[in-house]
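Just so you know, all these numbers are worked out from the coordinates, no wet-lab data involved. Everything numeric in this text was worked out from a predicted model, so none of it was measured. Glycine also receives a Cβ, built like all others from the backbone with ideal geometry; neighbour counts cover every protein chain displayed.
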Amino acid sequence: MNTEEFGFETQAIRTQLERTQYLEHSVPLYLSSSFVFEDAEDMRASFTEEKERNIYSRFSNPNTTEFVDKICKMEGAEAGYAFATGMAAVYSTFAALLNAGDHIVSASSVFGSTHALFMTYFPKWNIETSYFDINKPETIESFIKPNTKILYAESPTNPGVDVIDMQLLGDIAKKHNLILIIDNCFATPYIQQPIKFGAHLVVHSATKLIDGQGRVLGGVTVGSEDLIRQIYLFSRNTGPALSPFNAWVLSKSLETLAVRVEKHCENALKVAEFLEAHPNVNSIKYPFLKSHPQYEIAKKQMKLGGNIIAFEIKGGIEAGRKFLNNIKLCSLSANIGDTRTIVTHPASTTHSKLSEQDQLAVGITQGLVRVSVGLETVEDVIADLKQALA
Ligand SMILES: *Cc1c(COP(=O)(O)O)cnc(C)c1O
């Protein structure tokens with residue numbers, strides 16, 4: 001059988017480590033910090049990488065290898081490396097590839113800690129970032145300079161749920177010889193595979209929909225062999241490795257990713273349709289609603305609309321706070337992509353340290369509410385939102 005031709009779900013379920021002498025059906029957990037060598041020659045050949053094998057779990061471990069192999073198949077990538085968190089993946093990917101004096105062009109709406117890397121930490125090493133406005137993709141090229149090395153975006157974005165044309169980014173990266181990196185956390189490889197549009201690397205917070213059950217932190221970067229090699233060597237020396245236990249959990253999670261994401265999206269579309277029709281909702285953004293400004297692009301590059309909805313409640317910051325206080329079933333939590341529906345009000349919580357003007361610059365208005373739709377009975381979720389909006 002040609003395993004390369006297997007479908008997405010089969011790859012997610014049947015990509016696994018070889019069985020041990022115990023013939024276990026489900027892959028066991030390998031909690032071991034190091035691995036032994038047969039003799040001096042075996043040890044020498046392993047360290048010079050003539051042999052591909054596990055040496056020490058900071059470099060590789062059977063469970064992290066299985067997790068990475070699966071996600072590579074699902075994203076259509078050549079290679080990857082797994083990290084302790086999504087931010088370890090984002091940070092290590094940039095740090096491995098950039099030199100002092102390099103420049104990044106990024107979409108203006110990025111995850112809060114990624115924004116902090118660009119604005120607070122990378123400038124310490126003379127690495128500057130220019131933001132392009134996601135609503136003005138025609139301006140992207142004007143930000144590219146001779147020292148620009150990386151083009152970066154998330155799609156859909158957090159927390160605004162905007163959609164960025166990945167084919168356009170792929171074309172621009174190719175034309176200007178840039179490394180295109182996409183944070184695919186909100187969509188997962190089930191919904192979109194950025195490598196098909198020209199991305200060289202895809203990063204994930206596996207903490208979100210990949211785990212999907214709010215249990216463990218994790219991250220992963222996948223992409224072309226040569227770039228992953230640089231990221232691997234950097235990470236093997238700096239130590240952001242994913243723990244074998246978390247890798248084991250996440251590898252099992254991937255087996256159910258397709259069915260979970262399918263249901264998340266089915267529920268999210270119903271919740272979005274309910275919110276769109278509600279009189280106390282000013283505006284709403286969900287990629288698969290016709291009212292979404294980038295609906296056509298979303299339909300072109302996404303299989304489903306995802307599970308995140310952003311909406312603007314009438315009455316600004318006070319109405320947003322009151323809405324959260326009235327929520328009964330859903331959770332007020334800082335996570336997304338959990339089985340449990342989560343509601344947040346970025347202006348008074350995650351982004352409260354930014355001025356109102358800076359909040360607006362990253363797409364956060366005072367009444368913006370973000371919902372990560374879970375897997376509960378969708379009528380119960382809608383009923384809770386309905387009573388809180390009243
Ligand atoms: C959560 C998140 C991250 C960071 O992931 P952690 O696992 O929390 O470190 C990065 N990017 C996006 C889009 C996220 O939502």
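Listing Phe37, Phe94, Phe118 from the residue with the fewest other Cβ atoms within 10 Å to the one with the most, what is the order? Working shown, then result.
Numbers: Phe37 16, Phe94 25, Phe118 20.
Starting with the residue having the fewest Cβ neighbours, the order is Phe37, Phe118, Phe94.
Sort Ile144, Ile134 by Cβ crowding within 10 Å, fewest neighbours at the top.
Numbers: Ile144 18, Ile134 23.
Going from sparsest to densest Cβ surroundings: Ile144, Ile134.
Can you pull the one-decimal nm distance between simple spin-label points at Ala45 and Ser33, each 7 Å off the Cα toward Cβ?
In this crude spin-label approximation the distance works out to 2.8 nm.
Taking only C-alpha pairs under 8 Å that are 6+ residues apart, what is the relative contact order of the chain in percent? Mind dumping the intermediate values first?
Numbers: 757 pairs, mean separation 65.9, N = 390.
For the chain, the relative contact order is 17 percent.
Order the peptides 234-240, 285-291, 41-47, 65-71 from the highest to the lowest mean number of other Cβ atoms within 10 Å of their residues. Please list the in-between numbers first.
Details: 234-240: 15.7, 285-291: 19.4, 41-47: 12.9, 65-71: 23.6.
My ranking of the peptides, most packed first, is 65-71, 285-291, 234-240, 41-47.
Let me have the relative contact order for segment 183-275, percent, based on Cα pairs under 8 Å that are six or more residues apart.
25 percent
Of all DSSP beta bridges located in the chain, what percent are antiparallel, nearest 5? Walk me through the numbers before you get to the answer.
Details: 24 of 42 bridges.
Roughly 55 percent of the DSSP beta bridges within the chain come out antiparallel.
Could you list Lys149, Lys252, Lys208 in order of exposure, starting from the residue whose Cβ has the fewest other Cβ atoms within 10 Å? Write down the numbers at each step before the final one.
Values: Lys149 18, Lys252 15, Lys208 22.
Final ranking by Cβ density, sparse to dense: Lys252, Lys149, Lys208.
Provide the net charge surrounding Phe111, with neighbours chosen by a C-beta distance below 9 Å and charges set as Lys +1, Arg +1, Asp -1, Glu -1.
Working: positive: none; negative: Glu154, Asp183.
Net charge around Phe111: -2.
Output the pairs from Lys174/Lys270; Lys51/Lys149; Lys70/Lys300; Lys73/Lys299 with a Cα-Cα distance over 30 Å in this structure; if there are none, say none.
Details: Lys174/Lys270 38 Å; Lys51/Lys149 33 Å; Lys70/Lys300 25 Å; Lys73/Lys299 23 Å.
Correct reply: Lys174/Lys270; Lys51/Lys149.
Compute the FRET efficiency between Ala361 and Glu52 as 1/(1 + (r/R0)^6), taking r as their Cβ-Cβ distance and R0 = 45 Å, and round to the nearest 0.05. If you can, show how the numbers build up before the last one.
Details: r = 47 Å, r/R0 = 1.04.
About 0.45, to the nearest 0.05.
Just to confirm the filter: which chymotrypsin sites (Phe, Trp or Tyr not before Pro) across segment 1-30 are DSSP coil and have at most 13 other Cβ within 10 angstrom of their Cβ? The partial results should precede the final answer.
Numbers: sites: Phe6, Phe8, Tyr22, Tyr30; in loops: Phe6, Tyr22, Tyr30.
Within segment 1-30, the qualifying chymotrypsin sites (Phe, Trp or Tyr not before Pro) (loop, at most 13 other Cβ atoms within 10 Å) are Tyr22.
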